[in-house]
Amino acid sequence: MKDIYISNLKTNKEITSYFLVKSIALKVGSNKKNYLDLVLGDESGEINGKKWNIADEEVAGLERVREGCIIRVRALVTEWNGMKQLKVSRIWMTGAEDNIDMKDYIKAAPENPKEMYDFIYAGAAAFADEDLRRLCTKILDDHREKLMYYPAAAKNHHAELGGLLWHMKRMLMTAERVCEVYTNLNRDLLMAGVILHDIEKMTEIESNELGVSPGYSFEGKMLGHLVLGVRELDKLCVELGIGREKAVMLEHMVISHHYEPEYGSPIRPLFPEAEMLHYLDMIDAKMFDMEEALGKTEEGSFSERVWTLDNRTVYKAGK
């Protein structure tokens with residue numbers, strides 16, 4: 001049973017514990033010496049770690065440490081730039097004798113992937129708009145297997161097992177309620193936009209079946225999920241005989257949902273459902289990041305700085 005979790009690490013404490021290697025890179029510091037740059041994780045979150053001043057003769061031994069493996073580390077919990085970090089002094093490989101239970105190391109969405117998928121699929125199957133119903137159910141059918149584990153990001157919000165489904169489901173739940181207030185919105189169009197807006201993240205980012213992503217694919221780096229999404233929609237809408245106006249509106253929702261050019265959108269939303277999609281996406285991302293930060297924070301205290309929240313700290317009220 002794992003007894004030390006990332007969420008309860010205390011600064012200036014030395015620990016010895018097990019972690020999942022989410023990423024690893026051997027780098028050269030300003031002092032011209034090798035160091036190991038790690039991102040370590042468990043079910044409660046992730047943390048950056050550094051093993052400094054690695055001698056040349058140590059490098060070969062560290063080659064066994066790979067993404068996706070469980071290692072045991074001895075480290076001092078430090079703080080850098082307002083965030084906790086591990087100063088690693090020793091690394092051990094693990095074996096059968098360590099009695100590893102993988103569920104302790106995999107960060108996962110709080111709901112069962114199949115149940116989330118069924119919820120989303122039932123919503124799409126109930127669309128009154130036949131074109132949107134056929135399009136969304138086909139995409140969900142085609143991607144069912146990968147959706148069971150895919151994260152919504154390599155890092156940051158919903159970077160977890162089943163994270164893409166969790167992001168999609170919460171956005172759909174919010175969209176339902178928004179449509180009760182803003183009755184001018186085309187409900188089916190907005191809900192379809194939610195289902196489609198990030199679907200090509202499964203091409204953009206790489207992931208194993210534990211929902212751990214080592215980074216971006218070649219197409220992901222070169223094109224990104226917005227362009228990939230438009231490309232896929234253009235093809236599918238022709239295949240399904242969906243009219244050009246509706247197809248272009250769906251493509252516009254995908255390519256504009258990041259809103260700003262610096263975040264990848266070449267154009268801002270030009271109709272209400274596209275505008276609302278952007279805000280639904282932002283709400284869920286920001287609420288996820290705040291919830292994550294507060295989960296590692298003691299009551300009556302501020303969190304570490306959260307880069308995705310413009311480097312803000314978040315306050316956790318006492319009971």
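Which numbered condition in (1) assigned to a strand (DSSP E or B); (2) open to solvent by less than 20 Å² (accessible area, probe 1.4 Å); (3) more than 23 Å from GLU304 (Cα to Cα); (4) among the aromatic types (Phe, Trp, Tyr) is the only one that TYR117 fails?
(1)
Within the stretch 289-319, track down each residue that is β-branched (Val, Ile, Thr) and either free of Cβ contacts under 8 Å to residues at least 24 places away in the same chain or surrounded by fewer than 17 Cβ atoms within 10 Å (Cβ to Cβ) (or both).
Once the filter is applied, which keeps residues that are β-branched (Val, Ile, Thr) and either free of Cβ contacts under 8 Å to residues at least 24 places away in the same chain or surrounded by fewer than 17 Cβ atoms within 10 Å (Cβ to Cβ) (or both), the stretch 289-319 yields THR297, VAL306, THR313.
Pairs only if they're at least six apart or on different chains, beta carbon under 8 angstrom, first in the stretch 183-203 and without any contact (Cβ under 8 Å) to a residue 24 or more places away in the chain, second open to solvent by 10 Å² or more (accessible area, probe 1.4 Å) and part of a helix (DSSP H, G or I); list them, first residue then second.
Here the result reads ARG187/GLU176; ARG187/CYS179, each pair linking the stretch 183-203 to a residue that is open to solvent by 10 Å² or more (accessible area, probe 1.4 Å) and part of a helix (DSSP H, G or I).
Working only within the stretch 126-164, note down all residues that are outside any helix (DSSP H, G or I), open to solvent by 30 Å² or more (accessible area, probe 1.4 Å) and of a type outside the set (Ser, Thr, Tyr).
Result: ALA126, ALA128, ASP129, HIS143, MET148, LYS155, ASN156, HIS157, LEU161.
(1) under 22 Å from the mean Cα position of the chain (by Cα); (2) surrounded by fewer than 19 Cβ atoms within 10 Å (Cβ to Cβ); (3) of a type outside the set (D, E, K, R); (4) modelled with pLDDT under 90: which one isn't true of GLY41, the others all being true?
Exception for GLY41: condition (2).
Can you tell me which residue is nearest to SER44 (Cα to Cα) among those in the stretch 101-114 that are part of a helix (DSSP H, G or I) and open to solvent by 20 Å² or more (accessible area, probe 1.4 Å)?
If we take residues in the stretch 101-114 being part of a helix (DSSP H, G or I) and open to solvent by 20 Å² or more (accessible area, probe 1.4 Å), then LYS103 is nearest to SER44 (Cα to Cα).
Starting from residues that are open to solvent by less than 30 Å² (accessible area, probe 1.4 Å) and in contact with a Gly (Cβ under 7 Å, 6 or more places away or on another chain), keep the ones in the stretch 198-210 and report whichever is nearest to GLY68 (Cα to Cα).
The extreme case among them is ILE205.
Which residue is farthest from the chain's Cα centre (by Cα), if the candidates are limited to the stretch 1-29 and must be aliphatic (A, V, I, L, M) and either open to solvent by 30 Å² or more (accessible area, probe 1.4 Å) or under 16 Å from SER213 (Cα atoms) (or both)?
Among those residues, the one meeting the criterion is VAL28.
When the stretch 259-315 is examined, which residues are found to be of a type in the set (Phe, Trp, Tyr) and either in contact with a helix residue (DSSP H, G or I) (Cβ under 6 Å, 6 or more places away or on another chain) or closer than 19 Å to TRP166 by Cβ (or both)?
TYR259, TYR279, PHE288
For the stretch 51-96, how many residues meet the condition of being polar (S, T, N, Q) and either touching a His at 6+ places or on another chain (Cβ under 7 Å) or open to solvent by 50 Å² or more (accessible area, probe 1.4 Å) (or both)?
Residues in the stretch 51-96 being polar (S, T, N, Q) and either touching a His at 6+ places or on another chain (Cβ under 7 Å) or open to solvent by 50 Å² or more (accessible area, probe 1.4 Å) (or both): 3 in total.
Is it the case, given these coordinates, that LYS32 is over 25 Å from GLU292 (Cβ atoms) and either exposed (fewer than 13 other Cβ atoms within 10 Å of the Cβ) or in contact with a Gly (Cβ under 6 Å, 6 or more places away or on another chain) (or both)?
yes
For the stretch 91-103, state whether one or more residues are under 30 Å from THR313 (Cβ atoms) and not basic (Lys, Arg).
The answer is no, given that none of the residues of the stretch 91-103 is under 30 Å from THR313 (Cβ atoms) and not basic (Lys, Arg).
Considering each residue of the stretch 235-268, count those that are at negative phi, open to solvent by 20 Å² or more (accessible area, probe 1.4 Å) and assigned to a loop (DSSP other than H, G, I, E, B), and give that number.
7
Only one of these is touching a Pro at 6+ places or on another chain (Cβ under 9 Å) and acidic (Asp, Glu): GLU14, GLU67, GLU63. Name it.
On inspection, the qualifying residue turns out to be GLU67.
Can you name every one of the strands (runs of 3 or more DSSP E) wholly within the stretch 1-75 that holds 1 or more residues which are of a type in the set (Phe, Trp, Tyr) and in contact (Cβ under 8 Å) with a residue 60 or more places away in the chain?
Fully inside the stretch 1-75 and qualifying: 14-28.
The values are calculated or read from the model by the stated rules, or taken from the named source; none is laboratory data. All values reported here derive from a predicted model rather than from experimental measurement. Every residue, glycine among them, receives a Cβ derived from its backbone with ideal geometry; neighbour counts consider all protein chains shown. Please note that ligands, DNA and RNA were not included when accessible areas were found on the heavy atoms of the full protein model with its side chains. Shrake-Rupley method; radii C 1.70, N 1.55, O 1.52, S 1.80 Å.
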